[in-house]
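Before any comments, here is the structure.
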Amino acid sequence: MRLSLPATLLAGCTAALLLQPAAPAAADPSGPQRHDFAGGGSTTSLPLPAGHGLAPRGTRPFELLGVGWDGPSDALAGAEVRVRTRDADTGRWSDWRRLEADGEDGPDHAPHGATAPLWTGRSDGVAVDVRPGPAGPPPGLRLDLVDPGPGAAAPAVRALPAEPPGPADGHRARRPAIVTRAGWGADESLREPGSVYTGPVRVVFVHHTATATDYACSDAPRVIRSIHRYHVRTSGWRDIGYNFLVDRCGTVYEGRAGGVDRPVHGAHTLGFNTDSAGVAAIGTYVGDQPPQPLLDGLAAVAAWKLGLGGRAADGRTTLTSGTDAGRYPRGTAVDFDAVSGHRDAFATECPGNALYARLPALRAAAVRLRPPAS
């Protein structure tokens, strides 16, 4: 089933505009460049020369896009980047959508810059408008179009069952069922080998992916594959940034590789990736209310991860900022709830007003998942 587009993306039909499909990727390095993945799908990069945009044009099919560049992550500060896309099924053009140019997710020391990705659904045309900031356009400015493909086949375990109750659990919440990376079709050739670990998880930061909300849960792996490829190929990260993702049906997915029960260092909350885990709700929860199964999945994975380090979901702790590029300068000690929203650490609307308002109830639900002391 195709992921449906938000209603706003289907407005503004340009019926008179007839576009031809894009030509195959050229050998000219200044032209379109395509990278094919082992599990099918591809990323196509379209140069934005001299910081200008692109006139409406046809493309190969894609489902997610974003703009990257070779300069530092803040090189587009003050810029405005907007895109329109053409629905591959209906031929309708969306309204202009703005891409967030200031990185809010990511490692504390990003190798280069990229906007936040935008899920578009199945599309075959794009237009880009770039209005550079005071510093002008950075070098290597490009639009990346991601086709998630069917996913890589793998003989590895595709799902971990929920942890059964037993004496070994002690007073720790049980592990929920988790779809592994093999289960959502991760192309393991993309990520850097090995993993980086932090101390025990003391804070779980809740995010939303700012993608379509009214998706079929069977399509969630396509969204995750697209985000994975964008984080690695466009943003230059070692792997997908989130440690876990949860879909609207409450299914929990393994994010960054390294072991679901280990404190894997992620790239989800700029400045506060150490001793924390990032859990992303798949969807956009600014106005749309998060469904109860999604909240239950978030509570379950938060309670379990915090419990591995002996932390209560209704506690508080202090983390120290690791970057000057975020809301808090490097070295600033900040007090967080054990289950916090992304906006608590960075100037962003993430995880959306509707989901953020449910965090107190989510903390209470996570506490109830911890077995009582005997």
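The values are calculated or read from the model by the stated rules, or taken from the named source; none is laboratory data. This structure is a prediction, so every number in the text was calculated from the model and none was measured. With ideal geometry, Cβ positions are generated from the backbone for all residues, glycine too; neighbour counts draw on all protein chains shown.
Determine, yes or no, whether Tyr230 is within 24 Å of Val157 (Cβ to Cβ), crowded, with 23+ Cβ neighbours inside 10 Å and outside the structural domain of Thr115 (by TED's automatic domain parsing). Before you say what the answer is, go through the steps one by one.
Details: within 24 Å of Val157 (Cβ to Cβ): no; crowded, with 23+ Cβ neighbours inside 10 Å: yes; outside the structural domain of Thr115 (by TED's automatic domain parsing): yes.
Against the criterion (within 24 Å of Val157 (Cβ to Cβ), crowded, with 23+ Cβ neighbours inside 10 Å and outside the structural domain of Thr115 (by TED's automatic domain parsing)), Tyr230 does not qualify.
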- Message: Restricting to the stretch 280-334, name every residue that is β-branched (Val, Ile, Thr) and under 12 Å from Leu355 (Cβ atoms).
- Response: Ile282, Thr284, Val286
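Per-residue answers, yes or no, for (1) within 26 Å of Val286 (Cα to Cα); (2) at pLDDT 95 or above; (3) under 23 Å from the mean Cα position of the chain (by Cα); (4) not assigned by TED's automatic domain parsing to the domain that holds Gly287:
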site	(1), (2), (3), (4)
Tyr328	yes, no, yes, no
Val334	yes, yes, no, no
Arg343	yes, no, yes, no
Ala361	yes, yes, no, no
Ala364	yes, yes, no, no
Ser374	no, no, no, yes
- Task: May I ask you to list pairs of residues, at least six apart or on different chains, whose Cβ atoms are under 9 Å apart, with the first in the stretch 133-153 being on the phi > 0 side of the Ramachandran plot and small (Gly, Ala, Ser) and the second being surrounded by fewer than 20 Cβ atoms within 10 Å (Cβ to Cβ) and in a strand (DSSP E or B)?
- Result: Gly140/Pro47; Gly149/Asp36; Gly149/Ser42
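Might you let me know whether the stretch 118-141 holds any residue that is outside any loop (DSSP other than H, G, I, E, B), modelled with pLDDT of 85 or more and of a type in the set (S, T, N, Q)?
Taking the stretch 118-141 first, the residues outside any loop (DSSP other than H, G, I, E, B) are 118-131.
Next cut, modelled with pLDDT of 85 or more only: 118-131.
Imposing the further condition that a residue be of a type in the set (S, T, N, Q) reduces the set to 120, 123.
Within the stretch 118-141, one or more residues are outside any loop (DSSP other than H, G, I, E, B), modelled with pLDDT of 85 or more and of a type in the set (S, T, N, Q).
Please return the ranges of strands (runs of 3 or more DSSP E) entirely within the stretch 237-297 where 3 or more residues are without any contact (Cβ under 8 Å) to a residue 40 or more places away in the chain, surrounded by fewer than 24 Cβ atoms within 10 Å (Cβ to Cβ) and not assigned by TED's automatic domain parsing to the domain that holds Arg363. So that I can check it myself, show each step before the final result.
Numbers: elements: 244-246, 252-254, 276-281.
Because the criterion is at least 3 residues that are without any contact (Cβ under 8 Å) to a residue 40 or more places away in the chain, surrounded by fewer than 24 Cβ atoms within 10 Å (Cβ to Cβ) and not assigned by TED's automatic domain parsing to the domain that holds Arg363, no strands (runs of 3 or more DSSP E) in the stretch 237-297 meet it.
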- Item | Complete set of residues in the stretch 329-372 that are β-branched (Val, Ile, Thr), assigned to a loop (DSSP other than H, G, I, E, B) and in contact with a Ser or Thr (Cβ under 8 Å, 6 or more places away or on another chain) | Thr332
- Task: Would you be able to say whether some residue in the stretch 66-74 is on the phi < 0 side of the Ramachandran plot and either of a type in the set (Phe, Trp, Tyr) or at pLDDT 95 or above (or both)?
- Result: yes
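Does any residue of the stretch 75-88 turn out to be at pLDDT 90 or above and touching a His at 6+ places or on another chain (Cβ under 9 Å)? So that I can check it myself, show each step before the final result.
Taking the stretch 75-88 and keeping what is at pLDDT 90 or above, we get 80-88.
Pick out the ones that are also touching a His at 6+ places or on another chain (Cβ under 9 Å) and you get none.
Within the stretch 75-88, none of the residues are at pLDDT 90 or above and touching a His at 6+ places or on another chain (Cβ under 9 Å).
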